[in-house]
1. Can you work out which of the residues in region A:46-62 that are on the phi < 0 side of the Ramachandran plot and without any contact (Cβ under 8 Å) to a residue 40 or more places away in the chain is surrounded by the fewest Cβ atoms within 10 Å (Cβ to Cβ)?
2. If only one of B:130, B:104 is within 11 Å of another protein chain (Cβ to nearest Cβ), in contact with a strand residue (DSSP E or B) (Cβ under 8 Å, 6 or more places away or on another chain) and closer than 30 Å to residue C:113 by Cα, which one is it?
3. Quick test of your reading of the structure: residue C:134 fulfils all but one of (1) closer than 13 Å to residue C:95 by Cβ; (2) free of Cβ contacts under 8 Å to residues at least 60 places away in the same chain; (3) in a strand (DSSP E or B). Name the failing condition by number.
4. Of all the residues that make up region B:230-247, how many are without any contact (Cβ under 8 Å) to a residue 24 or more places away in the chain and facing another protein chain (nearest Cβ under 9 Å)?
5. Just checking, which of D:164, D:226 is touching a helix residue (DSSP H, G or I) at 6+ places or on another chain (Cβ under 9 Å), away from every other protein chain (no Cβ under 11 Å) and crowded, with 17+ Cβ neighbours inside 10 Å?
6. Can you find, within region C:1-24, the residue that is nearest to the other protein chains (Cβ to nearest Cβ) among those that are in contact with a helix residue (DSSP H, G or I) (Cβ under 8 Å, 6 or more places away or on another chain) and in contact (Cβ under 8 Å) with a residue 12 or more places away in the chain?
7. Does region A:43-60 include one or more residues that are touching a strand residue (DSSP E or B) at 6+ places or on another chain (Cβ under 6 Å), farther than 30 Å from residue C:211 by Cβ and more than 11 Å from every other protein chain (Cβ to nearest Cβ)?
8. Determine, yes or no, whether residue C:268 is closer than 30 Å to residue C:147 by Cα and more than 9 Å from chain A (Cβ to nearest Cβ).
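The values are calculated or read from the model by the stated rules, or taken from the named source; none is laboratory data. All figures in this text were calculated on a predicted structure; none of them were measured in a lab. Cβ placement follows ideal geometry from the backbone for every residue including glycine, while neighbour counts extend to all protein chains displayed.
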């Protein structure tokens, strides 16, 4: 499919009022755009309206510039924050890991087979362990040690993010806490996988906490990273059933599949522009 | 909430083309209707478009007649099949049972507590067993024996359906096969619960079939009834995990919860006008 | 089945060591008992051993007294806490409620249909709302108001528990906190349903907490009641998927099915003598 | 852990009768074996008894030969089919694939990380596509084309199975039907993943069948291979929820995760000696 015929995705956030859908849909019709999928939601609590529309442009070349220029007055009228995304331009994702490889392996597999339609710009780690796995997939591995000088490591990370023109950072079991500053700078652009069913078992060693508490289900939570550790907006959660025969180590093993699946889904929703921030919650337009 | 301010639901089926959403949304805006929830889907295979929009009418009285008159030209233009539903008018549901009471009990509970916002016009059965349960809920119980004279029984059923001005028949473990004629007459208006994960284990005694086959999950399927037994369009399916320690009777017991939940969901989706027939499939706009 | 041929269940807790299963199984064989189902588990952490064996006694009359006398030396040798349960003697269950009826309705249904093989000794409530539902099932309803004089209410509750010879109290959405004293006296004999996925959202209004936090799954937890509120040993947990369109009220409605199913399972496991206390955890020998 | 102290697993199948558990447990106690995990089940339908006991031998060297010699009279007495498995001896698994790599990738990952404690003897394929993935894991890849001469290909397969001293063949989306002869010869030693929820959608292109039928859940089934295609004893099944927006291709993509997880579980249960054939069903002693 040539880029000018490829589907585009329009995402909108604005104060809720009468007539938004009519205006947007009317505009798309006038532009001869065929809507393939469209979702919208008005949050009665926050008064915010969210919309995601995927459309294609069957005849003639599509020009993002002219589309945007024509759409600007509508956007201004409704005080919209909006973006137009070309689905042929792959989102650029920077992955960060430490030593655990189950989430990385899963993301690399989905990347390699095209299930996850992204460009992985690099894998950054504070350890060397996952270099070989990364490089076999033809992806650059960067070792950024943290020990001793965290500010220096973080400065390097920011340089890498900028230098690789990445759109998103995925913490695929990266075991270091990021500074408040970088969390704030990159709001909505860092996804973390926490290995518990948040808000249960925040903090360290959640599977050991779960074992001590004797829960019958364990889980994983993918969320945006904020300065408030383990409190960022939740994107996806998955649970697995366990029982009394599972030791803390068993729980850790059982949880790995849940973590990998949860993170993969959250990344997929994000790069397909299905996730919207709505205060400390998210709106996720799942397929 | 007074009726004239209550939410209404507009449902539309028509051939897919550019501009439908724009036209409908534009119309609603011009009528000062505030959209509360809206979903649409174009089936690329069948070329059909489906839309469900729930809106409220904040100022002045809403008149279904004037709304319909104004909407008629748009509907004609796009060859729409459409309906307008007042959410304060409770769908009228006729329930049919034999001897098993788990689905009936569940429906009556949801009815009694308002979870399922319907009017139950009567419970019809070919046995007397469930009279007391029905009548305690203040609902009329009608015994329509089938043995010997099926056509007479079916004629009586049709008279009851018409006489009670019912919109929907729910077969809540009714163990008689309906005639092709009534299935055809009431297409899309009869929901059945089949106690297996269709298309596995069609026909009689599905839990015994499941036991013989040694499956590790059993299920239930709610579907519209067609002349083709157990082949009607599926609305909802649920499964439960089982293992080698479960006898056929155990499977039957385990399956009851799945059946009740599956049927309750299907009825809820139907009476909220969330289900559309799309050939032999359904489009279900779940919340 | 006459009582003397009915299955019996032997439950054992003792320090783990070599030879327990051999001794118990050898004893049962010598007594001509046929094992129908047997489970055991040694907790490497606590050093405790747990065993549940269901057996029948095919020939001649079974005498609990002579069985117990013969088993006593083995029990003493291994320092066992043990019980012998006749499966024809229905466990006597006292249910406590406030105004919500979904858990009570579910328990009554399972009781009425024999799915839950118990005797319900009475339903006690601090409100009058659920009298009619209870009495229709032929069960005594007792109104024990709490307002003003909690100690008096609790004294009355204890008198009812004793007077009805109940074995178990089920808090089926009873909205009052019991005193430390009664929690301690009846350790392992009071089951509560908490409407969240513990340890997430302890305390009041968990669905509202869940809404604020924006979780993607909500849950219910059945646990034994201890003096430490919402911290008692967990018996069973169930979750349901939700999304951004669900208000706090919607979450409450969605959660009801999960609560009812979770509580019914926990009660079933308990009355089938499948649950063992293991410190602050439980061992549950599920089918 | 030195081999002589490592856990061993004893598996037994025999006609059910009184005293089997007592005899086996008594024997283990006399041999000073400490039982770590034990499960047994008597199938009232088939009259067969199944037992799996994992035990360790804390003091002195364990000798499989002397254990077996001592156990032989008990085994003979109860007409047991039995095996003793050293858990330090890794099961030798031969994997067969065609072009789809999701199941292979998942098995290789679990193998590489030790989650699946097996030796992969080789990967055999009728295509060359998956050579690179296999060889990167340090595993031999063998191309055995089928086109034209199926008997020759199968003879070669049997030679590879014997030559590599494999214990199990895993068909990880191998798209050729094996001959009746090899299925019979290797009864209980070949595991296949079928990409549907059997017995629904047997045969070719199950996701397309599922799409046509409009199901709301799709699934995967791992089963032993028998001469009767898609009818072999089921080991494990998993389902995923889908809806009307999923095309047949979408279903295929959604199903991949279910297939990989289902197959990995079945292989794990098998190599941990948790699966027993019970006529056309299986007994699976899950953790």
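1. Going through region A:46-62, the residues on the phi < 0 side of the Ramachandran plot turn out to be A:46, A:48-59, A:61-62.
Those left that are additionally without any contact (Cβ under 8 Å) to a residue 40 or more places away in the chain: A:49, A:59.
On the way: A:49: 22, A:59: 7.
Out of the qualifying residues, it is A:59.
2. Working: B:130 fails: within 11 Å of another protein chain (Cβ to nearest Cβ).
Exactly one of B:130, B:104 is within 11 Å of another protein chain (Cβ to nearest Cβ), in contact with a strand residue (DSSP E or B) (Cβ under 8 Å, 6 or more places away or on another chain) and closer than 30 Å to residue C:113 by Cα, namely B:104.
3. Result: residue C:134 passes all but (3).
4. Narrowing region B:230-247 to residues without any contact (Cβ under 8 Å) to a residue 24 or more places away in the chain: B:240, B:245.
When the remaining residues are screened for being facing another protein chain (nearest Cβ under 9 Å), the result is B:245.
Number of matching residues: 1.
5. The match here is D:226.
6. So, considering only residues that are in contact with a helix residue (DSSP H, G or I) (Cβ under 8 Å, 6 or more places away or on another chain) and in contact (Cβ under 8 Å) with a residue 12 or more places away in the chain, the one nearest to the other protein chains (Cβ to nearest Cβ) is C:21.
7. no
8. When the stated conditions are applied, residue C:268 does not pass them.
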